[in-house]
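Structure, as C-alpha cells:
The values are calculated or read from the model by the stated rules, or taken from the named source; none is laboratory data. A quick note: this is a predicted structure, and the numbers were derived from the prediction, not measured. Ideal geometry is used to build each Cβ from the backbone, glycine not excepted, and the neighbour counts take in all protein chains shown. Calculation scope for accessible area: heavy atoms of the full protein, side chains included, ligands and nucleic acids excluded. Shrake-Rupley method; radii C 1.70, N 1.55, O 1.52, S 1.80 Å.
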Amino acid sequence: MKAVLFHEFGGLDVLQVEEVDDPQPAAGEVVIDITASALNHLDVDIREGISRFDVRPPFILGVEVVGRIAAVGEGVTGWKVGDRVMPYLMDTCGECRYCRTGRESLCLTPGFISFTTTGGYAEQIACSARHLIRIPDALSDEAAAATQIAFGTAWHMLFTRARLQPGESLLINCVGSGIGSAALQLAKLSGAFVIGTASTEDKLTRAKELGLDVAVNYREQDVPTEVMRATDGRGVDVVYEHVGGEFFQMGLDSLTKDGRLVICGGHSGEIVPFDIIPFFRTQKQVIGSFVYNRAEVETVLDLAARGLVTPLVYKVFPLEQARDAMETMERREQFGKIVLKPGAAT
Ligand SMILES: [Zn+2]
C-alpha cells in the first residue's frame, strides 16, 4: 500500500510517500481501507519529535481514520467486510478501574492509533475490532473524519469535565480551530452564551455564522477586558482552553468567581506562571481534560448525522499531498479540519 512516512524527526521535508507492505489482520483485528484521514496538530509535534510520546521512526502519522472494513481477523464478531467504521482514537484494556467506570481515556495501559498501530496517512490500517465505531449513513467519510477528535474532545471538555449548564457563559479561546469551532456548536446547542477569540476578522465572521454571540480579536483587543464588558463585569462561568501560554492567564482573568477553566492543550506554551493568591481568593477551578470516551464519540456522530452540529472540512488533499496538507495546517489559516483522501486524483 501507499503510505506517508518519516524516517527522522524534522520539518515538512521529512515526509515521504512510499510503498509499504499491506497490513494483515491479527486475531481480534480488522484491516480498514482508509477513505478519509483528518490532520491534527499532534501530528506536527510527533513529526518534530516534541510530542512527549515514545515515538520511534520510521513512522506513519495520522490518528483520525475513517474507512471500510477490507478484511476481518480471527475471532472478530459483529463486523463484516464493507462496514463503514472509524477506530476510537485509543486502544484501551477494557478491564482496568478507569475502563470499567467509563473513563477509558485514563486507561492504565493505553494505546493510541498510529502509536500501537500504523497511522492514518496511508491507504490501509490494521486495528483492534474492539474499539470500532460505526458511522451513520447520513455522514460522508470526510465529515466523519472531521468529527471524532474535534467534537469528541469538545463534548468531553464542556459537559463531562467542566459540566457546562444551560444559560451559562463560556469563553472559547481560538474559536476558529477544529476543537474551538466544535465547542462553539455544542455550546450553542446546549443553550450557552458564547464569547470567542480569534486572530482574524475572517475567522470571527465564520464563527458568528455558527452562532458566536460575542467576537474578540485577540490581536487587537484585550481579551479579559472584552469578556468583562460582555458579562456586566462578572466574567464567564467557563473558559475552554486548549492553547496554553498567555492564553491560559487570559482565561483565568476572564473567569467569574467560582468559575471553571477546562484545558486540554498547550501548543503556545506548556509551562506558565501561576499566581496562587487571586486563584484561591476567587475560588476558581482549573480542570484537566484528556481525550474522550467512545460513547461520547457515538453521541457526537449522532448529533452530526441529525444535522444538529456540522463537522467542518476546510480542505481535502490527496494522500500524496500530505506535505501540502500539513503545511496548510501549520500556517493555521484553516477554519475546521484538513482531511487526506487516499485514492483522490492528484
Ligand atoms: Zn483500561
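Just name the residue that is nearest to Ala143 (Cα to Cα) out of those in region 17-30 that are surrounded by fewer than 23 Cβ atoms within 10 Å (Cβ to Cβ) and of a type in the set (A, V, I, L, M).
Val17
Take the residues in region 266-289 that are touching a residue at least 24 places away in the same chain (Cβ under 8 Å) and open to solvent by 90 Å² or more (accessible area, probe 1.4 Å), then tell me which one is nearest to the chain's Cα centre (by Cα).
Once the filter is applied, the top-ranked residue is His267.
Among the listed residues Ser105, Ser37, identify the single one that is within 16 Å of the ligand (Cβ to nearest atom) and either surrounded by 23 or more Cβ atoms within 10 Å (Cβ to Cβ) or not in a loop (DSSP other than H, G, I, E, B) (or both).
Sole residue among the options that is within 16 Å of the ligand (Cβ to nearest atom) and either surrounded by 23 or more Cβ atoms within 10 Å (Cβ to Cβ) or not in a loop (DSSP other than H, G, I, E, B) (or both): Ser105.
What tally of residues in region 321-346 results from selecting those that are surrounded by 16 or more Cβ atoms within 10 Å (Cβ to Cβ), closer than 19 Å to Ile34 by Cα and more than 15 Å from the chain's Cα centre (by Cα)?
8
List the residue pairs whose Cβ atoms are under 6 Å apart, where the first residue sits in region 123-145 and is closer than 12 Å to Pro87 by Cβ, the second is of a type in the set (Lys, Arg) and not in a helix (DSSP H, G or I), and the two are 6 or more positions apart or on different chains.
If the second residue must be of a type in the set (Lys, Arg) and not in a helix (DSSP H, G or I), the pairs left are Ile135/Arg84.
When Phe115 is evaluated against the numbered criteria (1) open to solvent by 40 Å² or more (accessible area, probe 1.4 Å); (2) more than 19 Å from Phe6 (Cα to Cα), which criterion, by number, is the only one it fails?
All conditions are met except number (2).
Looking at region 92-101, is at least one residue within 18 Å of His156 (Cβ to Cβ), within 16 Å of the ligand (Cβ to nearest atom) and among the small types (Gly, Ala, Ser)?
Checked against the condition, which is being within 18 Å of His156 (Cβ to Cβ), within 16 Å of the ligand (Cβ to nearest atom) and among the small types (Gly, Ala, Ser), region 92-101 yields no hits at all.
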